[in-house]
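Below is one structure; the comments refer to it alone.
The values are calculated or read from the model by the stated rules, or taken from the named source; none is laboratory data. Here the structure is a predicted model, which is why all the values come from computation and not from measurement. A quick note on method: Cβ atoms are made from the backbone with ideal geometry, for glycine too, and the neighbour counts reach across all protein chains shown.
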Amino acid sequence: MTQKAYLNILKAGVYLSLLSFFLVFEKLLFPYITSKQIFFNILVEVLFIFWVGLIVKYPNWRPKKSWISFGLVSFFAVLLLSAFTGVDFNLSFWGDSERMLGVFHLLHFLAYYFIVITVMKTWTDWRNFFTTSVAAATLLVLYAWAKNMPFSTFGNTAYLSAYVIFNIYFALILFFREKARYAKISDNWLMTLYLAAAVIMLSVFSLTNTRGAYVGLGLSALFLLAYFLFTAKSKKVRFSSLGVMIVLVGIVALAFLKPELPLVSNNSILSTVRQITPETDTFQTRFIAWKAAWKDLPNHWLLGTGHGNFAITFDKYFDPTFYNYTRTETYFDRAHNTVVEITSTAGVLGILTYLSILLAALAYLWQGYRRRTIGRYDFTLLTALIIAYFVQNLAAFDSLASYISLMMTLGFIYWLSQNQEIKYDKNQPFVSREVAVLGGVSVVMIFILYNFNVLPLKMMQATILGELGFELNEPAATLQFYQEALSYDTPLDRESRDNLARSLTHQSYILNDLSDEERRRIFDYAIEMVNKNIAYNPKDHLVHVELAQLAGVAARFNKDDQEVFDRYSNIALEAISKANEYGPKHIPPYFIKGQIYEARNDFDNAIATLEYATTLNEDYYDSFCRLAWYYFRMQNEDGARPSMDRCLDLGGAVMLEPASYVESLTNYYWALEDWPRTLLLYERLSVLSDSAEVEVGLAKLYLQDGQIEKSIAAAQKAIELNPEKYQELASDFIQKVKDNNYQEFLPQDKTTDPEESSKTEE
């Protein structure tokens, strides 16, 4: 094959890689991620065949030595090594469907980098490549605005923000490169388009509101302004830079000092900027995660816990104060800080090799700038871009979009540092050598392509059909599709097994009409699949929780068969005990353990488990609410009263259910004349049931508490719910309240519950 043919194929593939950003195949697991990564993987694997053929047949096209290339190879080599020394090789090397950032996938970005630096040999090549990238990014931003989707086709606003930052700087590089050739913008319409694209892309930040991206972009902008302030020869440029810096700093200061101003409160960007403080809940939860990494570092300081295995560190050193800031996102599989993530999972070797990549790039830029082989605009813009990328990643992590963009950036810096002219190779080795190389590499790539991309695609599609079976209440079809999905035996089966277990746990009602034998067959299969996931990493806290929940549901389905019940219940108890061992301060698993003991009628152990849970975080109302329930079941008022008091005082009324239980609590607290807590319970009961009687009691309690408007509103709702019974009484109540003559309605009688009181008034 000729040089031109090789180059045309490789260049076409490099351009085609940008198509991956647009792809979202809804019939796949995690479609925003898998659609893009699998397409990119297949494309790079095909291109790799031709790349090897090119550099073998035509040696002049082989990449030259570069510290950037050396840093990249070293970094990915360390990640690969950490996969073998870490706690979960499968997760490290193959990754999972939700992220698709295992070493296997990352190696495709390395191959992509070498392909890019091989074929992009002139400024015309880079200009066309950057222009295509900027055009693609602009379209994706316009799509985000048109669909009002802040994540566009990326599924995550942080991914979109990072991608846009790269392309804003690509647009500026294109603009200033053109500006060097033309005196005025009007002389070249392309300059206008580049600026317009940059402005359009910049506008998306008001939609994404990603704080890390704001900080990264802001600091990079300050670097640019500072550079021109101190180096520009023109006074006009220096004063303009100073003025813009003052304005930017002033606006940010205003956001913090005067948040009540309409300029701040009505502006989504400034409102988000104002949240960039250590006091925010998001920062606090991430800080807890970072502290966990620091605590664990001495145990794995050289190579970490293995690439992608941050979760095991997070679980091991989890701090229950985490629940003071969020009650939902309590599981971190990533540190949300690239430096912390790499140091924790790839150790000191990992972070040093990672930083060496960026330092090498900056060194080449500085060296070229000093020698005047790199222009000042290329130097400043690329340096600013590296600053923006690094800083925003202190609150995020890389994705396909940022990795591709980073490889483009590093490839461009490589080209600037090499300053090579294109040279066609006239050497023509024997055709047999070329054929042998192409044949051998093709066999390997086709094997990889089919087994690690095509088969996972089939697995994901069958898994989605299995999920559809749950939605359609078709257990037989569900099992059939999941068995088909897992029959492909791919390295990414982890998510399919997880989906089966979680769906079966939370949608077990689809098994109601099956025989006991059929249900057991399905449960046993699902438990077997979860155990396969546990085999990857026996200390995986979350998978043990998953197994405990699944086996607990299976036990409840077999409560009439003591032998089968005991078998499933023992599996559940053993699994949740291991979960408590590997994530000792995660609180919700103790609730699951309490439920398992409850199903075994072992209330003493259930109470002891919940008592311990309350000690982990005394401000976490869930523990006290659940503990009180067990005490009430045991008719132990001495234990129930203080636990429920704590539950209500911490705001736990919002989680109490069902209505019958809450109603019994309202009667209990009414009899105690504990009006503040009774009010909390009545507010909850009002949410759980449409009862006019409840609204009557609520109206009186609001009155007792001095909340006149809410009292009237509750009385009016009682009329709406039962006008025939309460129209006259409630209207009289409302009028007397307005006349400030309502003493007779105050809940004073300790022996009379609200419903009886309403009957008396009637």
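Scan the range 38-49 and give yes if some residue there is on the phi < 0 side of the Ramachandran plot, buried (at least 18 other Cβ atoms within 10 Å of the Cβ) and without any contact (Cβ under 8 Å) to a residue 40 or more places away in the chain, otherwise no.
yes
Cβ-Cβ below 8 Å, separation at least six or inter-chain, first residue in the range 389-410 and in contact (Cβ under 8 Å) with a residue 24 or more places away in the chain and on the phi > 0 side of the Ramachandran plot, second crowded, with 23+ Cβ neighbours inside 10 Å and in a helix (DSSP H, G or I): which pairs?
From the range 389-410, no pairs qualify.
Please give the helices (runs of 4 or more DSSP H) falling wholly within the range 184-300 in which 1 or more residues are touching a Ser or Thr at 6+ places or on another chain (Cβ under 7 Å).
189-203, 205-208, 211-231, 262-265, 268-273, 281-296
Can you tell me which residue among Ala606, Ala579 is in contact with a Phe, Trp or Tyr (Cβ under 6 Å, 6 or more places away or on another chain), buried (at least 19 other Cβ atoms within 10 Å of the Cβ) and either aliphatic (A, V, I, L, M) or not in a loop (DSSP other than H, G, I, E, B) (or both)?
Answer to the check: Ala606.
Hey, could you check the range 396-432 for residues that are at pLDDT 90 or above and among the small types (Gly, Ala, Ser) and say which is farthest from Thr34 (Cα to Cα)?
Ranking the candidates gives Ser417 first.
I need the full set of residues from the range 153-192 which are of a type in the set (Val, Ile, Thr), over 16 Å from the mean Cα position of the chain (by Cα) and at pLDDT 95 or above, in order please.
Selection gives Val164, Ile165, Ile168, Ile173.
Look through the range 158-179, keep the residues that are within 15 Å of Leu394 (Cα to Cα) and of a type outside the set (A, V, I, L, M, F, W, C), and return whichever of them is surrounded by the most Cβ atoms within 10 Å (Cβ to Cβ).
Looking at the filtered set, the residue picked out is Ser161.
Quick one: which helices (runs of 4 or more DSSP H) lie wholly within the range 1-92 and hold at least 3 residues that are among the hydroxyl-bearing types (Ser, Thr, Tyr)?
Passing ranges, in order: 31-57, 67-85.
With the requirement that a residue be touching a residue at least 60 places away in the same chain (Cβ under 8 Å) and assigned to a helix (DSSP H, G or I), what does the range 111-127 give you?
Once the filter is applied, which keeps residues that are touching a residue at least 60 places away in the same chain (Cβ under 8 Å) and assigned to a helix (DSSP H, G or I), the range 111-127 yields Ala111, Tyr112, Tyr113, Phe114, Ile115, Val116, Ile117, Thr118, Val119, Asp125, Trp126.
Taking the condition in contact with an Asp or Glu (Cβ under 8 Å, 6 or more places away or on another chain), surrounded by 16 or more Cβ atoms within 10 Å (Cβ to Cβ) and more than 17 Å from Val24 (Cα to Cα), does Met191 pass?
yes
Of the conditions (1) modelled with pLDDT of 90 or more; (2) closer than 30 Å to Thr614 by Cα; (3) not basic (Lys, Arg), Thr280 fails just one. Which one is it?
Unmet condition: (1).
Evaluate the following for Pro584: is it surrounded by fewer than 22 Cβ atoms within 10 Å (Cβ to Cβ) and farther than 21 Å from Val654 by Cα?
yes
If we keep just the residues of the range 323-357 that are in a helix (DSSP H, G or I) and modelled with pLDDT under 95, which is surrounded by the most Cβ atoms within 10 Å (Cβ to Cβ)?
Among residues in the range 323-357 that are in a helix (DSSP H, G or I) and modelled with pLDDT under 95, the one surrounded by the most Cβ atoms within 10 Å (Cβ to Cβ) is Tyr323.
How many of the residues making up the range 491-539 are within 20 Å of Leu465 (Cβ to Cβ), touching a residue at least 60 places away in the same chain (Cβ under 8 Å) and part of a helix (DSSP H, G or I)?
Within the range 491-539, residues that are within 20 Å of Leu465 (Cβ to Cβ), touching a residue at least 60 places away in the same chain (Cβ under 8 Å) and part of a helix (DSSP H, G or I) number 4.
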